Amino acid sequence: MAAPENIVTIRNLSKVYAQGEIQVTALDNISLDLAAGEFLALMGPSGSGKSTLLHIIAGIDRPTSGECLVQGVDVTKLNESQLADWRNQNVGFVFQTFNLIPVLTAFENVELPLLLTRLGRAQRRRQVQAALELVGLADRAHHLPKQLSGGQEQRAAIARALVTDPQIVVADEPTGNLDSHSAQDVLGILQSLSRQAGKTVILVTHDPKAAAFGSRSIHLEKGELTR
Amino acid sequence: MNLPGFIIRNAFRNKRRLALSVSSVAASLFLLITLQVALRELTNPISDEGSSLRIIVRNKVSLAQPLPARQLQTLERIPGIVAVSPFSFYGGLYKGDEKFTSFAQFAVDPARTQLLLADAKISKAQTEAWIADQTSCIVGRMTTDRYGLKIGDRMQFTGQIYPCDLELKIAGIYHGTADDRNVIFHQKYLDELLGNPGTVGTWWVRAAFAAEVPLVTERINRAFANTSAEVRAESERAFVLGFVSMWANIKTLIGGISIVVIFALLLVTVSTMSMAIRERFRELAILKALGFRRRELFAFILAESFGLAMGGAIFGAGGAWVVYHLLNIQKLTSGLFIRFEVTPRMMGLAFSVAALLGVLAAIAPMLTVARTSVVQGLKTLD
């Protein structure tokens, strides 16, 4: 059997922040490969650089040096506009605080990334419906975020991340604001995305139980990979 | 859902703030239009066909200085003049119980004013009755309507400039002039009450042709040059504008207030937009992460800001148009303003100011959004 193709290739990646006159090294010469369909749990204490690494892979932050190839594209070389398009087509985001737009229904929130595509209304509707069904939220499609529970909001956020059919889903502490039951649901959905839909999922978490849902865990400490 | 729909939803998310912001823009634009209309009405005298032919001749020293009545003979000999009459502003208080009388009273020579009052519509019988009775007057319809006066009624005035009071019998009611408010009575009656001083306030002259007015005014000025009572002749329009200019620099005053109104409007709009964007900063970062580009976010902000300002313009400028169209402004201002017309140019000004404000108010939030990276925006989340 052929080895799975790498979807993310990181080489000698460093990120240094300037805080006044002090230089803070968030990532220190990181190299990492991630295969397609992998569910990677990025672990580490606060300030270890795990979110920074996630942001660089997802194209919302830039490294100070090094390479970050995602599906063969060096995202560090793209300009702002190219990165925006690239993110829309290739990356789905799930955040700790859900970040749904409060004035839009669950359906409309999920539809939001599709407004940037050339899809017609009917096609958008089909894709949104499919994404909501995938996360088990079809019956709540026309509820506003304030009418949903935390778990339901996060499921809507996952549907929004999936609706453009990206290859990579990044989740930054997605269970941090959920009760244990809802957290299990959300992690189960992310796991099935990796196992059944072949999506590459990168999960940032403090929680070893959450990390256990992943196919691989890596630990960061003071900007370095420790294991 | 589509992008315009998304923008509208965002704009209406805080309905109270939106209503207050639109109202403040609307109120400011209403005020701006009101000031502009007032300025226009004060500095742009109403004119009719006759006014382009009329010339006012006053003492060169001051409007308050009278002119010798003997100048009449000289004036009558000047070529290009078809009618001339004394025209003395009496300036009395009607009934003696008002602090401010909203209409003027002028003493004239009735027999000589037929051509000068060519715009006035009044029956021949009433004119003849007026000419025949030295203590009678004719009154503009606006004034008779306002005070419920009719022919035969008596009007009493307390002198404020001249040391005499008047009691006038209404012989006729005229209309059709640009200002149907004035009371016009006999100069001879005023002269008698004053003991025949041999003076008049000003002269009212009618030129044969409008094109000759500059030439005739020049002739009049020359005719009395180097006499004991030099005169200043000018067209009726120039005279009225000169009169307005005596109220100090009203244009500068109203212009200054208008600028302050616009500046306050700018602060309100910028503040509202800054607040609206600041509280949505996290969402804008999320939209960026989802793939929305700067130009799309700029378009959201600009559309919202522009919409807010235009909403204010519709209510403010549109409201001013409706209000001043429906109100009886003459009655409301006790005759200070005869009309109060919101012109298309003023509507255009209000909408242009609103459009400019909409754009200016969007600049600061757009710069903030442009400068902030997705990660910085997301950091406001946790």
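The values are calculated or read from the model by the stated rules, or taken from the named source; none is laboratory data. Keep in mind that what you see is a predicted model, and the values were worked out from it rather than measured. We place every Cβ from the backbone using ideal geometry, glycine too, and count neighbours over all the protein chains shown.
The condition of being surrounded by fewer than 19 Cβ atoms within 10 Å (Cβ to Cβ) and at pLDDT 90 or above holds for only one of B:346, B:310, that being B:310. Looking across segment B:365-382, the residues that are hydrophobic (A, V, I, L, M, F, W, C) and either surrounded by 15 or more Cβ atoms within 10 Å (Cβ to Cβ) or within 12 Å of chain A (Cβ to nearest Cβ) (or both) come down to B:366, B:369, B:370, B:374, B:375, B:378, B:381.
In segment A:54-71, the residue that is farthest from the chain's Cα centre (by Cα) out of those that are charged (D, E, K, R) and within 12 Å of chain B (Cβ to nearest Cβ) is A:62. Taken together, the criteria exclude residue A:157 from residues that are in contact with a Leu (Cβ under 8 Å, 6 or more places away or on another chain), of a type outside the set (Lys, Arg) and farther than 27 Å from residue A:47 by Cβ. Among the residues of segment B:38-58, those identified as modelled with pLDDT of 90 or more and β-branched (Val, Ile, Thr) are B:55, B:56, B:57. Among the numbered conditions (1) of a type in the set (S, T, N, Q); (2) without any contact (Cβ under 8 Å) to a residue 12 or more places away in the chain; (3) under 30 Å from residue B:344 (Cα atoms), the only one that residue B:52 does not meet is (2).
Matching residues to (1) surrounded by 15 or more Cβ atoms within 10 Å (Cβ to Cβ); (2) assigned to a helix (DSSP H, G or I):
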position: B:76; (1), (2): no, yes
position: B:84; (1), (2): yes, no
position: B:87; (1), (2): yes, no
position: B:125; (1), (2): no, yes
position: B:129; (1), (2): yes, yes
position: B:144; (1), (2): yes, yes
position: B:164; (1), (2): yes, no
position: B:167; (1), (2): no, no
position: B:188; (1), (2): yes, yes
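Against the criterion of being under 29 Å from the mean Cα position of the chain (by Cα), hydroxyl-bearing (Ser, Thr, Tyr) and either surrounded by fewer than 20 Cβ atoms within 10 Å (Cβ to Cβ) or within 14 Å of chain A (Cβ to nearest Cβ) (or both), residue B:28 does not qualify.
Criterion applied to B:358, B:291 was being closer than 30 Å to residue A:114 by Cβ and either in contact with a strand residue (DSSP E or B) (Cβ under 8 Å, 6 or more places away or on another chain) or away from chain A (no Cβ under 14 Å) (or both), and the one residue passing it is B:358. Please go through segment A:176-190 and give me each residue that is closer than 15 Å to residue A:99 by Cβ and not in a helix (DSSP H, G or I), ordered by number. Answer for segment A:176-190, where residues must be closer than 15 Å to residue A:99 by Cβ and not in a helix (DSSP H, G or I): A:176, A:177, A:178. So is residue B:351 part of a loop (DSSP other than H, G, I, E, B), more than 19 Å from residue B:287 (Cα to Cα) and away from chain A (no Cβ under 14 Å) or not? For residue B:351, the condition - part of a loop (DSSP other than H, G, I, E, B), more than 19 Å from residue B:287 (Cα to Cα) and away from chain A (no Cβ under 14 Å) - is not met.
All of B:283, B:218, B:304, B:296 fail the test of being out of contact with any helix residue (DSSP H, G or I) (no Cβ under 9 Å at 6 or more places or on another chain) and either within 14 Å of chain A (Cβ to nearest Cβ) or part of a helix (DSSP H, G or I) (or both), apart from B:218.
Tell me, please, whether a residue that is at pLDDT 90 or above, charged (D, E, K, R), under 26 Å from the mean Cα position of the chain (by Cα) and assigned by TED's automatic domain parsing to the domain that holds residue B:214 can be found in segment B:119-139. Checked against the condition, which is being at pLDDT 90 or above, charged (D, E, K, R), under 26 Å from the mean Cα position of the chain (by Cα) and assigned by TED's automatic domain parsing to the domain that holds residue B:214, segment B:119-139 yields at least one hit. Of the residues making up segment A:109-127, those that are crowded, with 24+ Cβ neighbours inside 10 Å and either more than 10 Å from every other protein chain (Cβ to nearest Cβ) or in contact with a strand residue (DSSP E or B) (Cβ under 9 Å, 6 or more places away or on another chain) (or both) are A:110, A:113. Only residues that are in contact with a His (Cβ under 7 Å, 6 or more places away or on another chain) and under 23 Å from residue B:337 (Cα atoms) were counted across segment B:110-139, and they come to 1. Only one residue in B:173, B:131 is in contact (Cβ under 8 Å) with a residue 40 or more places away in the chain and either more than 26 Å from residue B:243 (Cα to Cα) or in contact with a Gly (Cβ under 6 Å, 6 or more places away or on another chain) (or both). Which one? Being in contact (Cβ under 8 Å) with a residue 40 or more places away in the chain and either more than 26 Å from residue B:243 (Cα to Cα) or in contact with a Gly (Cβ under 6 Å, 6 or more places away or on another chain) (or both) holds for just one of B:173, B:131, which is B:173. With respect to (1) within 14 Å of chain A (Cβ to nearest Cβ); (2) modelled with pLDDT of 90 or more, the lone exception for residue B:9 is condition (2). Within segment A:159-184, residues that are over 11 Å from residue A:201 (Cα atoms) and touching a residue at least 12 places away in the same chain (Cβ under 8 Å) sit with their Cβ atoms under 8 Å from residues that are assigned to a helix (DSSP H, G or I) and charged (D, E, K, R), at 6+ positions apart or across chains, in these pairs: A:163/A:111.
So, in segment A:72-108, how many residues would count as being in a helix (DSSP H, G or I) and more than 10 Å from chain B (Cβ to nearest Cβ)? Residues in segment A:72-108 being in a helix (DSSP H, G or I) and more than 10 Å from chain B (Cβ to nearest Cβ): 4 in total.
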